[in-house]
Amino acid sequence: MNRLAFIQVDLEELLDSLHAAEPRESGAFFLLREGRGVRGRRFLASDPIFPTGDAWEAQQRDQLRPSAQWISSAISKAVTGNAGLLFVHSHPGPGHPIGFSPTDRSSLLSLAQTIGPILDGPFAAGVVHPEGWAASVMEEGEFVPIERIVSVGRALSVLNPLKPVPRRRTTDLPGLDDRQRDALGTVHDLLQNLDVAVVGVGGLGSPIAEQLARMGAGSVTLVDSDVLDTPSN
């Protein structure tokens, strides 16, 4: 699974910039750094590059095209920082798709093919819609979806729409997680998709395992080779 994370303060500044341009589309570049996880690639977007007065060749309700000068400036900052680039733009209208339009895909593919070989890191693109985000990263000549988009700060916020998760019920305790779901919202849906392993269930692991179960993790696997062989245990 490909994952993309924003720093909360940068995200707030981006949203302020996008809202200020409404009803026209707008956008920004971010430096993009990559890491590898067991289950996919991890990307961190940081150091936003916001548009200046000459940033756009075209900026309308349904059209957005960054200027060559601004693209060149973003590339220069990425090369200096040994990073890739992420271009995020808005779809502010309710009639816009939650994701990339065919025109977006064509334009972004052309942009990726032009600047991708220059960068020291990956090129990715994102779309901000009132109902959720979407993003893709360039890989072997084509855009591959980024399945999870989050912002990280004092709390973890999920930005892209989550797939519906079946509500877990029990025969004896219907609505077991209802209050938890009301408190955590979409984060609870994320927890229900997790399979967690706890290695060592002694004085620390045991309460952690209990809390994971109470929080609503999809499954919890306990791993411990100790044998309970004395009365004190």
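Relative to the Cα centre, what is the charge dipole magnitude of the stretch 2-75, using +1 at the beta carbon of each Lys and Arg, -1 at the beta carbon of each Asp and Glu, and rounding to the nearest 20 debye?
Using only the charged Cβ atoms, the result is roughly 620 debye.
Just to be sure I understand: with springs between alpha-carbon atoms less than 10 Å apart, which residue in SER206, SER151, SER136 has the highest mean-square fluctuation in the Gaussian network model of the chain?
Largest GNM mean-square fluctuation: SER206.
Give a quick list of trypsin sites (Lys or Arg not before Pro) in the stretch 93-168 that DSSP marks as loop, anything other than H, G, I, E or B, with at most 15 other Cβ atoms within 10 Å.
Sites meeting the loop and neighbour criteria: ARG154, ARG167, ARG168.
So who's got an amide H within less than 5 Å of the one on GLU139, skipping anything under 5 residues away but keeping other chains? H placed 1.01 Å off N, in plane.
The answer is VAL144.
Gain in length, GLN8 to ARG36, computed as 0.36 nm per residue apart minus the alpha-carbon separation, to one decimal in nm?
Extra length available between GLN8 and ARG36 comes to 7.9 nm.
Antiparallel DSSP bridges in the chain: what percent, to the nearest 5? Show your work: numbers first, answer last.
Working: 30 of 50 bridges.
So the antiparallel bridges in the chain amount to around 60 percent.
May I ask you to give the percent of accessible area on the stretch 43-120 that is carbon plus sulfur, with a probe radius of 1.4 Å?
On the stretch 43-120, the fraction of accessible area on carbon and sulfur atoms equals 51 percent.
Using 7 Å Cα-to-Cβ label points, what is the VAL152/SER232 separation (nm, one decimal)?
4.0
Let me check I've understood the local charge: for GLU140, count other residues with C-beta under 15 angstrom from its C-beta, Lys and Arg +1, Asp and Glu -1. What total comes out?
Neighbourhood net charge equals -2.
Apply the Karplus curve 6.51 cos²θ - 1.76 cosθ + 1.60, θ = phi - 60°, to the phi angles in the stretch 137-144 and return the couplings in whole Hz, x for Gly and Pro.
With the stated coefficients, the stretch 137-144 comes to 10, 6, 8, 6, x, 8, 7, 10 Hz.
Can you tell me, using C-alpha contacts under 8 Å and at least 6 residues apart, the relative contact order of the stretch 22-138 as a whole percent?
Rounded, it is 28 percent for the stretch 22-138.
Quick one: if you take sqrt(5λ) for each eigenvalue of the C-alpha gyration tensor of the stretch 33-92, what semi-axes come out, biggest first, whole angstrom?
26, 16, 8
Treating only the Cβ of Lys, Arg, Asp and Glu as charged (+1, +1, -1, -1), what charge dipole size does the stretch 1-143 show about its Cα centre? Round to the nearest 20 debye. Present the calculation step by step, with values, prior to reporting the outcome.
On the way: 11 positive and 17 negative charges, 82 e Å.
Rounded to the nearest 20 debye, it is 400 debye.
Can you tell me the relative contact order of the chain? Whole percent, Cα pairs under 8 Å, sequence separation 6 or more.
16
How much accessible surface area, in Å² rounded to 10, belongs to the heavy atoms of MET138 with a 1.4 Å probe?
Counting only protein heavy atoms, the figure is 40 Å².
Using only the alpha carbons, work out the radius of gyration and Dmax of the stretch 1-62 in angstrom.
Answer for the stretch 1-62, Rg first and Dmax second: 14.2, 43 Å.
Using a Förster distance of 30 angstrom, determine the FRET efficiency expected from the C-beta separation of GLU57 and LEU194, and round it to 0.05.
0.10
Show that you can apply the helix-only estimate: for the chain, add -39,500 (n - 2.57) for every DSSP H stretch of four or more residues, divide by all residues, and state [θ] at 222 nm to the nearest 500.
The helix-only estimate for the chain comes to -8500 deg cm²/dmol at 222 nm.
With every protein chain left in place, what is the accessible area per residue of the chain in square angstrom, probe 1.4 Å?
57
Report, to one decimal in Å, the Kirkwood hydrodynamic radius for the chain based on all distinct Cα pairs.
Evaluated over the chain, this radius sits at 20.1 Å.
Assuming 0.36 nm per residue, please report the length gained on full extension of the stretch ASP47 to SER219 beyond their Cα-Cα distance.
Here the answer is 58.2 nm.
The values are calculated or read from the model by the stated rules, or taken from the named source; none is laboratory data. What you see is a predicted model; the values in this text were computed from it and never measured. Using ideal geometry, Cβ is built from the backbone for each residue, glycine included, and neighbour counts are taken over all protein chains shown. Just the protein is used for accessible areas: all its heavy atoms, side chains included, with ligands, DNA and RNA removed. Shrake-Rupley method; radii C 1.70, N 1.55, O 1.52, S 1.80 Å.
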